[in-house]
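Here's the structure we're looking at; comments come further down.
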Amino acid sequence: MTKAIRIHEHGGAEVLRWEEVAPGTPGPGQALIRQTAAGLNFIDVYHRTGLYPVPAMPAIIGNEGAGVVEAVGDGVSEVAVGDRVAYCMSLGSYTERRVLDAARLVRVPENITDQQAAAMMLKGCTAQYLLRRIHPVKPGDTVLLHAAAGGVGLIACQWAKHLGATVIGTVGSDQKAELARAHGCDHTIVYTREDVAERVKALTDGAGVPVVFDSVGKDTFTASLDCLQPRGLMVSYGNASGAVEPFSPGVLAARGSLFLTRPTLATYIRTREELDATAADLFAVVGTGAVKVEISQVFPLQDAAQAHRDLEARKTTGSTVLLTEGEKS
Ligand SMILES: NC(=O)c1ccc[n+]([C@@H]2O[C@H](COP(=O)([O-])OP(=O)(O)OC[C@H]3O[C@@H](n4cnc5c(N)ncnc54)[C@H](OP(=O)(O)O)[C@@H]3O)[C@@H](O)[C@H]2O)c1
């Protein structure tokens, strides 16, 4: 048996329960891993509240983790017993041990710790597909990135800057603005008191930006469209403030033939090749020091409820990791 955080119904942070569960044994193509750390992500809140479905109750939530392979089933070639591994977008990471498809695991390079891996697999792979594939950022671009001091945010602003962009980041407070500027943001907008579209127009001599990366959703969606150049790209990739309300496609025409995408990481790491390439790109940019993974909060896994409360209350910055027994320091 092992210990895990499970939900039996959707709701507030109080539905997260620390329980004994059976991790199972690995079948063909699967691996059993002893987890050292799980990453905290806003998607965990969506699974907890029911905004995104879970396949069945009770459910172990969590989508990001790192640890050591303890056993493998038949036909596993991707990893071996003893390997340090990490993964993302495989529901069930809030646990001390778990079985999952070996094809979803990547080996963690020696220069990256388990905690860093758990802090960046989901957030960093997201930054990778946003900045390198949805809108390949190039020198001379100006990009707008919301929630710039958050988990995805701090990684993405450093990476966009490294790719040569001028980065405009929105944040909820002056302290977060300072942090975002220390991580690659050229300009910050405190969107709780400033008009985002007005500031972006002023910063771009009225031109607007070619791309907006919007993870806040409901509260920022319209302002984000107003920040775009004609034929610009709106990347709506999250709902931290709630889901975007339905709207007519004519809204995109009226603002200058805009493009809109609503991507999810799962689609961008669908194949083993895509997962490997995405993780390799991430590990490389972290390995050179161009992107630093800031673990600003650490909780014991059993205190996941407090971690959720802090994330939802906008009290966290950068990445948060949940440590299993034996890893707590
Ligand atoms: N589609 C994908 O593939 C994908 C993958 C990963 C993450 N995401 C999305 O990216 C976003 C960031 O994820 P994360 O895990 O790194 O979280 P995070 O950015 O560390 O935390 C969310 C941040 O959103 C901001 N925010 C604005 N309005 C908020 C509200 N009403 N309630 C709570 N927070 C609010 C807060 O920053 P301020 O105080 O600065 O406003 C908060 O710190 C989430 O929306 C997540 O769903 C999407």
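The values are calculated or read from the model by the stated rules, or taken from the named source; none is laboratory data. Because the structure is predicted, anything quoted here is derived from the model rather than measured. Quick note on the areas: whole protein, heavy atoms, side chains included, nothing else; ligands and nucleic acids left out. Shrake-Rupley method; radii C 1.70, N 1.55, O 1.52, S 1.80 Å.
According to the Kirkwood relation over distinct C-alpha pairs, the hydrodynamic radius of the chain is 20.1 Å.
Computed on segment 257-329, with alpha-carbon pairs under 8 angstrom and 6+ residues apart, the relative contact order is 27 percent. Per residue, the accessible area of segment 101-245 comes to 36 Å² when a 1.4 Å probe rolls over the protein heavy atoms.
By how many degrees, 0 to 90 and rounded to 10, does the Cα axis of helix 151-162 deviate from the longest principal axis of the chain? Once rounded, one gets 60 degrees. The lysines whose alpha-carbon is closer than 24 Å to the alpha-carbon of residue 218, local same-chain residues fewer than 8 away aside, are 123, 176, 201, 315.
Reported to the nearest whole Å, the Cα centre-to-centre distance from segment 151-176 to segment 7-68 is 29.
With the Cα gyration tensor of segment 24-75 giving a ≥ b ≥ c as the square roots of its eigenvalues, does the rule (a/c under 1.5 for rounded; else a/b larger than b/c for prolate; else oblate) give rounded, prolate or oblate? Verdict is oblate for segment 24-75. Within the accessible area of the chain, the carbon and sulfur atoms contribute 50%, probe 1.4 Å, all protein chains present. Against the chain, whose longest principal axis comes from its Cα atoms, helix 272-287 is set at around 70 degrees. When the helices of the chain are scored as -39500 (n - 2.57) per DSSP H run of n ≥ 4 and the total is divided over every residue, the value at 222 nm lands at -8000 deg cm²/dmol. Could you pull out every one of the lysines with an alpha carbon less than 17 Å from that of residue 138, ignoring same-chain neighbours closer than 8 positions? Partners found: 161.
Over the C-alpha atoms of segment 130-178, the Rg to Rh ratio, Rh being the Kirkwood estimate, stands at 0.97. Both radii were evaluated on the Cα set of segment 4-90; the Rg over Rh quotient, with Rh as the Kirkwood radius, amounts to 1.01. Segment 253-308 gives an Rg/Rh value of 1.16, both radii derived from C-alpha positions and Rh following Kirkwood. Over segment 233-327, the ratio between the Cα radius of gyration and 2.2 N^0.38 Å evaluates to 1.48.
The Cα atoms of segment 142-220 define a convex hull whose projected area, averaged across directions, is 4.6 nm².
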